[in-house]
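Trainee: What follows is a structure written as structure tokens; I'll ask about it next.
The values are calculated or read from the model by the stated rules, or taken from the named source; none is laboratory data. Because the structure is predicted, anything quoted here is derived from the model rather than measured. A quick note on method: Cβ atoms are made from the backbone with ideal geometry, for glycine too, and the neighbour counts reach across all protein chains shown.
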Amino acid sequence: MVPENTPFLSAQFSVVAHATEDIKKVEDAASFVVQVIAKGQVNLTRQYVKGHHGNLITTITARLAARAVHTDALELLSHELSESDNKFLGSEIESCVDDDGSLYLRFDKQEACLRRIKLHQADPIRMKLRFVHGYDAAGIVDLCRESGLGS
């Protein structure tokens, strides 16, 4: 059940740890990013697969129900992002939102290891923030901007 006064249905995070990376460091980086918008403790799960050459690939995920996402998650994210990342989102936020009511952002895995939140496209920590029904793409963009994300 979705708590009242929250625009969010859920949040999902995922990151890939390659065989050459320290899984614990990648897990700590993912946890750091998730904690920006999470209330309380976060449980991360690991899934192991073998790559084309037999190398171990680990996917680390976290899923937050609506009650586990801060109602001011967008504002919290905007405060963590640099001014240049917020400016970038100001011109690109529409491309980060789909018609089904979700916001997609990608964060730099290496920067998260250093306890910094930075947008990044290659080999990222992915976030999908789902909004309650009634928020179309334009409504999500407006809410992001009102919260300081992409302004």
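Trainee: Mind checking whether some residue in the range 105-120 is at pLDDT below 95 and either more than 17 Å from Ala29 (Cα to Cα) or surrounded by fewer than 16 Cβ atoms within 10 Å (Cβ to Cβ) (or both)? Spell out the reasoning first.
Mentor: Restricting attention to the range 105-120, the residues satisfying the condition of being at pLDDT below 95 are none.
Scanning the range 105-120 turns up no residue that is at pLDDT below 95 and either more than 17 Å from Ala29 (Cα to Cα) or surrounded by fewer than 16 Cβ atoms within 10 Å (Cβ to Cβ) (or both).
Trainee: Those residues that are within 30 Å of Lys25 (Cβ to Cβ) and outside any loop (DSSP other than H, G, I, E, B), I need them from the range 123-143; list them, please. Steps first, answer last, please.
Mentor: Within the range 123-143, the subset within 30 Å of Lys25 (Cβ to Cβ) is 123-130.
Matches in the range 123-143: Pro124, Ile125, Arg126, Met127, Lys128, Leu129, Arg130.
Per-residue answers, yes or no, for (1) closer than 16 Å to Ser10 by Cβ; (2) not β-branched (Val, Ile, Thr):
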position	(1), (2)
Val69	yes, no
Asp85	no, yes
Asp98	yes, yes
Leu103	yes, yes
Ile117	no, no
Pro124	no, yes
Met127	yes, yes
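Trainee: Here's another thing I want to ask about it. Return the residue satisfying two criteria in turn: it lies in the range 53-70 and is in a helix (DSSP H, G or I) and in contact with a strand residue (DSSP E or B) (Cβ under 9 Å, 6 or more places away or on another chain), and of such residues it is farthest from Thr6 (Cα to Cα). Don't jump to the end; show me each part of the working.
Mentor: Step one: filter the range 53-70 for residues in a helix (DSSP H, G or I), giving 66-68.
Now drop any that are not in contact with a strand residue (DSSP E or B) (Cβ under 9 Å, 6 or more places away or on another chain), which leaves 66, 68.
Values: Ala66: 8, Ala68: 11 Å.
Ranking the candidates gives Ala68 first.
Trainee: So, one more: Could you run through the range 19-40 and say how many residues are exposed (fewer than 14 other Cβ atoms within 10 Å of the Cβ) and either in a loop (DSSP other than H, G, I, E, B) or among the hydrophobic types (A, V, I, L, M, F, W, C) (or both)?
Mentor: 5
Trainee: Continuing with the same structure: For residues that are hydroxyl-bearing (Ser, Thr, Tyr) and more than 18 Å from the chain's Cα centre (by Cα), tally how many sit in the range 133-148.
Mentor: Initially, the range 133-148 is screened for residues hydroxyl-bearing (Ser, Thr, Tyr), giving 135, 147.
Applying the additional criterion that residues be more than 18 Å from the chain's Cα centre (by Cα) yields 135.
Within the range 133-148, residues that are hydroxyl-bearing (Ser, Thr, Tyr) and more than 18 Å from the chain's Cα centre (by Cα) number 1.
Trainee: So, one more: Cβ contacts < 8 Å: first residue in contact (Cβ under 8 Å) with a residue 60 or more places away in the chain, restricted to the range 140-151; second residue part of a loop (DSSP other than H, G, I, E, B), any location; separation 6+ or different chain. Result?
Mentor: Partner pairs satisfying both residue conditions: Leu143/Pro7; Leu143/Tyr135; Cys144/Gly150; Ser147/Asp72; Leu149/Leu81.
Trainee: Looking at Asn43, Asn55, which one is over 20 Å from Asp123 (Cα atoms) and exposed (fewer than 13 other Cβ atoms within 10 Å of the Cβ)? Show your work before the answer.
Mentor: Numbers: Asn55 fails: over 20 Å from Asp123 (Cα atoms).
When all the criteria are applied, what remains is Asn43.
Trainee: Of all residues in the range 102-122, which are in contact (Cβ under 8 Å) with a residue 40 or more places away in the chain and in a loop (DSSP other than H, G, I, E, B)?
Mentor: Selection gives Arg115, Ile117.
Trainee: Got a sec? Which of Thr58, Thr45 is touching a Phe, Trp or Tyr at 6+ places or on another chain (Cβ under 8 Å), polar (S, T, N, Q) and at pLDDT 95 or above? Lay out the reasoning, then the answer.
Mentor: Working: Thr45 fails: touching a Phe, Trp or Tyr at 6+ places or on another chain (Cβ under 8 Å).
Testing whether each residue is touching a Phe, Trp or Tyr at 6+ places or on another chain (Cβ under 8 Å), polar (S, T, N, Q) and at pLDDT 95 or above leaves just Thr58.
Trainee: So for the range 20-40 (the condition being touching a strand residue (DSSP E or B) at 6+ places or on another chain (Cβ under 6 Å), of a type in the set (A, V, I, L, M, F, W, C) and closer than 21 Å to Asp142 by Cα), does at least one residue qualify?
Mentor: yes
Trainee: Next up: Quick check on the range 71-81. Is at least one of its residues farther than 22 Å from Gln47 by Cα, charged (D, E, K, R) and in a helix (DSSP H, G or I)? If you could, list the steps in order and put the result at the bottom.
Mentor: Let us first name the residues in the range 71-81 that are farther than 22 Å from Gln47 by Cα, namely 71-81.
Narrowing the set further to residues that are charged (D, E, K, R) leaves 72, 75, 80.
Within this subset, residues satisfying the condition of being in a helix (DSSP H, G or I) are 75, 80.
Among the residues of the range 71-81, at least one is farther than 22 Å from Gln47 by Cα, charged (D, E, K, R) and in a helix (DSSP H, G or I), which makes the answer yes.
Trainee: Related question: Need the failing condition index for Thr58 against (1) closer than 30 Å to Cys144 by Cβ; (2) under 19 Å from the mean Cα position of the chain (by Cα), just the number.
Mentor: Checking Thr58 against (1) closer than 30 Å to Cys144 by Cβ; (2) under 19 Å from the mean Cα position of the chain (by Cα), the one that fails is (1).
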